[in-house]
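Trainee: Please read through the structure below; I'll follow up with questions.
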Amino acid sequence: MSFHYCFTFSTVEMSVRYGDCNTNNDDIISCYVHLGLERAKKLPNILAVKHAHLRVLNTLIDTMCDHCLSSVWRKQCYRYIKRLLPLIYEILAPYQYQQKVEEINTLYAYYFEDDKDSHPLRNQTQAHLSQIKKQP
């Protein structure tokens, strides 16, 4: 893999991860996913391919969970995550795939759904914090 290609991939990856102030256009995310898949095709062994695919997926997940970015950008990342699930199904063991899907669904519910009852972890944390007495 050429240095130029690696630099391009890393640059596009950072643009996706930090929003690139271009939230109405998902071409950057599409380009990133495409570059990541092309990069994985050129790797020598299956373990390296698996890591390359998971790098793309985890970058999209991290971006989806970043409240500093616009909701539109984060939801676009989620759409691409959903598109990658069949590929992830092929590279992970069934129990790993199920864990990853549950993780994605939990994160999506936590960061995007408005119904506070659907956030049991957040509700438990808030209840716990309200019970703590402030120290003088």
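Trainee: Can you tally the net charge around Ala40? Count Lys and Arg as +1, Asp and Glu as -1, for every other residue whose Cβ sits under 10 Å from the Cβ of Ala40.
Mentor: On the way: positive: Arg39, Lys41, Lys42, Lys50, Arg55; negative: Glu38.
Once all neighbours under 10 Å are counted, the net charge is +4.
Trainee: Given the pairs Lys75/Lys100; Lys42/Lys75; Lys50/Lys75, which span a C-alpha to C-alpha distance of over 22 angstrom in this model? All intermediate terms of the calculation are to be shown ahead of the outcome.
Mentor: Details: Lys75/Lys100 18 Å; Lys42/Lys75 29 Å; Lys50/Lys75 24 Å.
In this structure, Lys42/Lys75; Lys50/Lys75 lie more than 22 Å apart at Cα.
Trainee: On to the next question. Across the Cα atoms of segment 21-116, what radius of gyration and what greatest pairwise Cα-Cα distance (Dmax) are found, in Å?
Mentor: For segment 21-116, the Cα-based Rg and Dmax read 13.9, 47 Å.
Trainee: Below 10 angstrom from the Cβ of His53, what's the summed charge of the other residues (Lys, Arg +1; Asp, Glu -1)?
Mentor: On the way: positive: Arg39, Lys50, Arg55; negative: Glu90.
Residues near His53 contribute +2 overall.
Trainee: Here's something else I'd like to know. First measure r as the distance between the Cβ atoms of Asn25 and Leu85, then evaluate 1/(1 + (r/R0)^6) with R0 = 35 Å and state the FRET efficiency to the nearest 0.05.
Mentor: On the way: r = 23 Å, r/R0 = 0.67.
So the FRET efficiency works out to roughly 0.90.
Trainee: Could you pull the accessible area for Arg55 with a 1.4 Å probe, rounded to 10 Å²?
Mentor: 90
Trainee: Now for a separate question. Round to the nearest 10 and report in Å² the accessible area of Ser15, as given by a 1.4 Å probe over the protein chains' heavy atoms.
Mentor: Rounded to the nearest 10, the figure is 30 Å².
Trainee: Give, as a single signed number, the net charge of other residues whose beta carbon lies under 11 Å from the beta carbon of Gly19, with Lys and Arg counted +1 and Asp and Glu -1. Intermediate values should be presented prior to the final figure.
Mentor: Values: positive: Arg17, Arg74; negative: Asp20, Asp66.
With Lys, Arg at +1 and Asp, Glu at -1, the net is 0.
The values are calculated or read from the model by the stated rules, or taken from the named source; none is laboratory data. Nothing here was measured: the structure is a model prediction, and the numbers come from that model. All Cβ positions, even for glycine, are placed from backbone atoms using ideal geometry, and neighbour counts span all protein chains on display. Please note that ligands, DNA and RNA were not included when accessible areas were found on the heavy atoms of the full protein model with its side chains. Shrake-Rupley method; radii C 1.70, N 1.55, O 1.52, S 1.80 Å.
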